[in-house]
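Notes to accompany the following structure.
The values are calculated or read from the model by the stated rules, or taken from the named source; none is laboratory data. Quick caveat, the model's predicted, so the values are computed rather than measured. Don't worry about glycine lacking a Cβ; one is built from the backbone with ideal geometry, like all the others, and counts go over all protein chains shown.
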Amino acid sequence: MSYFLKFSITEQGKQLEIAVRTICVKESINILLLTLKDWRGTSVKKSNYNFFYEYADDSNKLIAYNSRTNALAMIEKNDYVKYESFDDNNVSIDDNNVSIDDRLVNDLKRGGFLVEDSINELKLLRYNMLSNRHSSQTFALTIAPTLDCDFACVYCYEEGKKHGYMLKEVQEAIVKSIENQTKFVEGVNITWHGGEPLLALDIIENITKQVLQICEKNDMKYSAGIITNGYNLTKNNVLKLKELKIGYLQITLDGTEKIHNSRRPLRNGGPTFEKILNNIQVCKELLPRVSLRVNVDKENQEDMIRVLDVIREFDIQDIVTVYPGYVEPTNSCYSKNNCLEYSDFAKLEYKFHNALLDEKLVSNITYKYPYLRSNVCGADNASSFVVDPKGNLCKCWSDIGRDEYSINNLLDFKSTNTNVLLDYMLYDPTMDEECRECSVLPLCMGGCPRRRIDKIVDRCSAYKYVLEDYIQQIADQKQVENKSHACSCC
């Protein structure tokens, strides 16, 4: 059994080195390490998170993937037959049984394809979820300094909300809340959101300069990004963002010129497409990394891949990372009939990433290797909050400006909307009747918390629908790399 992954587990069991991605991924497996011992004579069983796929280039091999450990390997078919024959009736495999050799057993254990009989993998996932959900390593705030916006996007989930700007009292309360966290966290992360946050650049500057002083004084890490429509991304504004240590930007482009302008026009109906792209082009030497999001639904799905021609036309392919985003009828502000089923979106997303590969905008597909989730996002993390211009605290970006989802207010902590907070923080997918039986659970962990609260059934990970496609393609890529490396060593 040959692994594409190299395991390097520290004493704390926190690092899992994944050679296929050449990065270290956090993976809490303390409980498993505490139970490890000499495996000879102990009973083991199949993991609930094993996937085996045919390998097109060699009929004598199968691709093996485990979604809990993220292990990826090739297994000989005759070894797979040995492995499969032991557990057809859910009977534990005994290491002392002479029909299966030590090499195969140890290889399967190494990737988590076999686990000790006493191990409850759902408990491992639950432990990992809770430890990360309540981690205080980083205090993360998404701040909307205004709900005002110069665009009239067709799917805007903030439509109808008052477009005020953040008062000084709220700004100072935010700074104070960050200062109060200095004894408990190692760093601060701020994402500037809106409305359109560049319309309130003076507020961003005021808060940021004070927070940077706090972080420097307390030797804390600081990171920040901004989600902007890109229309006001002038050279002067980009220089200001650079001064304020904004390290990443997200900008949305919904297709070619006609499609984009019909979906994301100015409030007066004017076009926005060319201005956004010209801004990026003019400032490309100054900009930090830019994520270019293409919001996709039934109305523009055919135009999605043409965005790749656009970024080449404007010569910005070296500074932007393009990805599709799923459009949903959040807060009933967009017609559900216009939205794709998530399974259809997952397949479109897979097609899009292969188009990036074909156009040589990415070098290979391994960047889409699955990543393990603990908690889903900031909405179910105890150290992450969203702040709107009035000082209302909520858990999700989609809750901005909606009083019914506010859990408290920075200017008045007298009344807490406890039920909303508990809805976000106490959900446990390992206890969910449907999720606990799903073999993709470690890659999903229950899906979007807000969609769950809204009782939307279609909230599973895209990997539920296209995992095999990605895994087979990545395995092919790694095989090519391994052969190339072997030849270069001759």
Practice task
Looking only at the stretch 281-291, decide whether some residue is in a helix (DSSP H, G or I), assigned by TED's automatic domain parsing to the domain that holds residue 250, at pLDDT 95 or above and of a type in the set (Ser, Thr, Tyr).
Solution key: no
Fill in the blank from the handout: Of (1) at pLDDT 95 or above; (2) more than 18 Å from residue 48 (Cβ to Cβ); (3) out of contact with any Lys or Arg (no Cβ under 9 Å at 6 or more places or on another chain); (4) not basic (Lys, Arg), residue 65 fails just (2)
Exercise for the section: Check off (1) at pLDDT 95 or above; (2) surrounded by 16 or more Cβ atoms within 10 Å (Cβ to Cβ); (3) out of contact with any Leu (no Cβ under 6 Å at 6 or more places or on another chain) for residue 120 and give me the number that stays unchecked. Expected result: (2)
Handout entry: Failed item in (1) farther than 17 Å from residue 195 by Cα; (2) outside any loop (DSSP other than H, G, I, E, B), with residue 386 passing the rest
Key = (1)
Practice task
For the stretch 401-424, state whether one or more residues are in contact with a Ser or Thr (Cβ under 7 Å, 6 or more places away or on another chain), farther than 19 Å from residue 176 by Cα and not assigned by TED's automatic domain parsing to the domain that holds residue 139.
Solution key: yes
Problem - Any chance residue 300 is outside any strand (DSSP E or B) and surrounded by 20 or more Cβ atoms within 10 Å (Cβ to Cβ) - result: yes
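Listed here are the residues, each with its yes/no results for (1) buried (at least 17 other Cβ atoms within 10 Å of the Cβ); (2) in contact with a Cys (Cβ under 8 Å, 6 or more places away or on another chain).
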{"site": "194", "(1), (2)": "yes, yes"}
{"site": "204", "(1), (2)": "yes, no"}
{"site": "207", "(1), (2)": "yes, no"}
{"site": "215", "(1), (2)": "yes, no"}
{"site": "221", "(1), (2)": "no, yes"}
{"site": "242", "(1), (2)": "no, no"}
{"site": "254", "(1), (2)": "yes, no"}
{"site": "259", "(1), (2)": "yes, no"}
{"site": "263", "(1), (2)": "yes, yes"}
Practice task
Consider only pairs whose beta carbons are under 9 Å apart and that are at least six residues apart or on different chains; among these, list those whose first residue lies in the stretch 222-251 and is part of a loop (DSSP other than H, G, I, E, B) and whose second residue is among the charged types (D, E, K, R) and surrounded by 22 or more Cβ atoms within 10 Å (Cβ to Cβ).
Solution key: 228/196; 229/196; 229/264; 231/196; 232/196
Fill in the blank from the handout: Here, strands (runs of 3 or more DSSP E) confined to the stretch 100-214 with at least 3 residues that are within 30 Å of residue 428 (Cβ to Cβ) and out of contact with any Lys or Arg (no Cβ under 7 Å at 6 or more places or on another chain) are 138-143, 187-192
Exercise for the section: Take the residues in the stretch 366-425 that are of a type in the set (Asp, Glu) and touching a residue at least 60 places away in the same chain (Cβ under 8 Å), then tell me which one is farthest from residue 168 (Cα to Cα). Expected result: 380
Practice task
Could you please find all residues in the stretch 411-452 being crowded, with 20+ Cβ neighbours inside 10 Å and aliphatic (A, V, I, L, M)?
Solution key: 441, 443, 445
Exercise for the section: Check residue 455 against each of (1) buried (at least 21 other Cβ atoms within 10 Å of the Cβ); (2) outside the structural domain of residue 168 (by TED's automatic domain parsing); (3) on the phi > 0 side of the Ramachandran plot; (4) of a type outside the set (Val, Ile, Thr) and name the one condition it does not meet. Expected result: (1)
Practice task
Please enumerate the residues belonging to the stretch 321-379 that are among the β-branched types (Val, Ile, Thr) and in a loop (DSSP other than H, G, I, E, B).
Solution key: 327, 362, 376
